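The block underneath contains the structure these notes are about, expressed in structure tokens.
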Amino acid sequence: MSGFVYKWVDSSNCMYYIGSHKGCTDDGYIGSGVHFNRAYSKRPEMFSREILYTGEHYLELEEFILEELNAMNDSMSYNLKNSAVGGWEHTHTSKEVKEKRAKAISKSKKGKTYPFMFLDKSGENNPMYGKKHSLKTREKISTSRMGRVQNNVKKRVLELTSMMFFDSVEEAAKHYGVTSSTMSVLVRDEIIKRGKCKNKRFVYVSHS
């Protein structure tokens, strides 16, 4: 069954909470975070929710986002763990129950691949480790790939620092006022150091 990844923002202090839920976006689910729920119960009118993703890979994307942001160590985050099952673990302390759940999750994931796995190919695991294409070469590669559909799935662009999704490279480029070829070059797993997208971080994710 599909689910969704969401982000709550507390306008009283600009803190955020990121979570996921198996179900529909309009089924009334709020969230399970301990600190988040305490704050929400005191001032629900100050919170606004944004849906970041809907689809079957909601748990994997939630965990990827939490780890990339290191949310548990972010003073502006209500998240207590960089884990998609953090809230469940805080309310279920039995070691036996936890071990049983861990085995069930491991079994359910065995043999499966997810569209976010490619994002783990960093450091020495990356075939391009220690090597760099020239800017001209990268622009040629990105231009040749522009709009290409792989396995009938067109990739979206996610800006990690603001958690904004764009349906295409072209849409992201238009939003930030750069060319599509430049945006294709900027979509990489590192912080942009200069230009119109300074301090931004872009990665590809797939449509559900």
* Structure fact -> Computed over the Cα atoms of region 1-89, the Rg and Dmax in Å are 12.0, 35
* Structure fact -> For 3-13, 54-64, ranked highest to lowest by mean beta-carbon neighbours within 10 Å, the order is 54-64, 3-13
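Read-outs: derived from the displayed coordinates by stated rules, not from any lab. Since the structure is predicted, the reported quantities are computational estimates derived from the model, not experimental observations. Neighbour counts run over all protein chains shown; Cβ positions are idealised from the backbone, glycine included.
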